[in-house]
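Undergrad: Right, I'll just put the structure down here and ask away after.
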Amino acid sequence: MQHLPICIETIRRIEPLLEAFSLTKLNPNCAAAFEYQAALCYALHGKKKEAIGHLECYTACLTELFQIFSKDNMRLQGDDFFNQIETWFEKSDSGACAPRSRDVVLEDCRQTLSHPMLAVLEEEPAFQRLKTKLKEIK
């Protein structure tokens, strides 16, 4: 994260992959992790606009995640293109189900915007709106 040009290039290369493989819909948790790390990187370097942009994507991913995963069904699923992935998930050591309950995951997600690296954004109205939006996810 200390080397901003390398981070920017990494972000530039990953973004088209997220879109090409519809990862925001297919695996919103994976996409959220990327967006969060990108936001932390930009915040570390004082690039508030970019950090907030990625936090907006992060929040959208989390909203998607908790809309498609009900209280009783936190499972990874495929789509029309990745139509064999559920079988693969089932065969993996961790399986297709989330290792933690939905409520625990949601509470952890709500805490992510309290990361010390994001303190630079505290005075930004857009950041405050994102914090509120995370609190409103049910």
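Undergrad: So which of 47/131; 49/138; 25/138; 25/47 end up more than 22 Å apart by C-alpha?
TA: Check vs 22 Å cut-off fails for 49/138; 25/47.
Undergrad: Also, quick follow-up: Name the residue, out of 63, 112, 24, whose mean-square fluctuation peaks in a Gaussian network model built on the chain with Cα pairs under 10 Å.
TA: For the chain, modelled as a Gaussian network with Cα springs under 10 Å, the answer is 112.
Undergrad: What aspartates and glutamates could a cross-link reach from residue 133, if we take a straight Cα to Cα line under 18 Å and drop same-chain neighbours fewer than 8 places away?
TA: 35, 56, 64, 103, 107, 108, 122, 123, 124
Undergrad: Using the Cα gyration tensor of the stretch 8-70, with a ≥ b ≥ c the square roots of its eigenvalues, what is the shape: rounded (a/c below 1.5), prolate (a/b larger than b/c) or oblate (neither)?
TA: Note, shape of the stretch 8-70 comes out oblate.
Undergrad: Per DSSP helix of 4 or more residues, -39500 (n - 2.57); summed, then divided by the residues of the chain. What does that give at 222 nm, rounded to the nearest 500? Walk me through the numbers before you get to the answer.
TA: Working: 7 runs with 88 residues, N = 138.
Computed ellipticity for the chain at 222 nm equals -20000 deg cm²/dmol.
Undergrad: Taking 7 Å along the Cα-to-C-beta vector as the label spot, tell me the residue 83-residue 108 distance in nanometres, rounded to one decimal.
TA: 3.3 nm
Undergrad: Another question, then. What FRET efficiency would be calculated for the residue pair residue 48, residue 17, taking the C-beta separation as r and a Förster radius of 25 Å, to the nearest 0.05?
TA: With R0 = 25 Å, the Cβ-Cβ based efficiency is 0.45.
Read-outs throughout are calculated quantities, based only on the coordinates presented, and are distinct from any laboratory measurement. All of these numbers come straight from a predicted model, not from anything done at the bench. Cβ atoms come from the backbone with ideal geometry, glycine included; neighbour counts cover every protein chain shown.
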